[in-house]
Amino acid sequence: MARHHNINGVQVPFTAEEEAQRDAEELAYANGAFDRAMADLRQKRESLLKATDYLALSDNTLTTTMSTYRQALRDLTDGLTTVDEVNAVVFPTKP
């Protein structure tokens, strides 16, 4: 289906060059989907880790359950290769 501009209320079809440019932009965006999903996942993970950083200070001893929780958060991104895998990640429950 041909794309169009709306210029002053008039539908003007894209030129071949504009079509090619738009196709390249859409492909670049689609190719970046995994990177965007991983960045979002990492941001959420880092927020959860920061919320428990005070427990890992040198004058505190981490409980085994908290240590396991924090390690599970750090391991969330291991082996993920697709956007669907990233979207299916389930965060561990904070003890």
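Quick notes
- Segment 63-88 - residue that is among the hydroxyl-bearing types (S, T, Y) and open to solvent by 30 Å² or more (accessible area, probe 1.4 Å) and, of those, nearest to A51 (Cα to Cα): S67
- Some residue of segment 24-36 being in contact with a helix residue (DSSP H, G or I) (Cβ under 6 Å, 6 or more places away or on another chain) and either surrounded by 11 or more Cβ atoms within 10 Å (Cβ to Cβ) or without any contact (Cβ under 8 Å) to a residue 60 or more places away in the chain (or both): yes
- Of all residues in segment 76-95, those that are under 28 Å from T63 (Cβ atoms) have Cβ atoms under 7 Å from Cβ atoms of residues that are basic (K, R) and open to solvent by 60 Å² or more (accessible area, probe 1.4 Å), 6 or more apart or on another chain, in T77/R42.
- Of the criteria (1) open to solvent by 80 Å² or more (accessible area, probe 1.4 Å); (2) over 20 Å from the mean Cα position of the chain (by Cα), which one A56 fails: (1)
- Where a residue in segment 48-73 is at pLDDT 90 or above and its partner, wherever it lies, is of a type outside the set (D, E, K, R) and loosely packed, with under 10 Cβ neighbours inside 10 Å, with Cβ under 8 Å and at least six apart: Y69/T93
- Filtered residue count, segment 31-79, keeping only those that are in a helix (DSSP H, G or I), over 16 Å from T93 (Cβ atoms) and of a type outside the set (F, W, Y): 15
The values are calculated or read from the model by the stated rules, or taken from the named source; none is laboratory data. Computed from a predicted structure; not experimentally measured. So basically every Cβ, Gly included, is an ideal-geometry build from the backbone, and we count neighbours across all protein chains shown. Accessible surface is based on the protein model in full, side chains and every heavy atom, while ligands, DNA and RNA are left aside. Shrake-Rupley method; radii C 1.70, N 1.55, O 1.52, S 1.80 Å.
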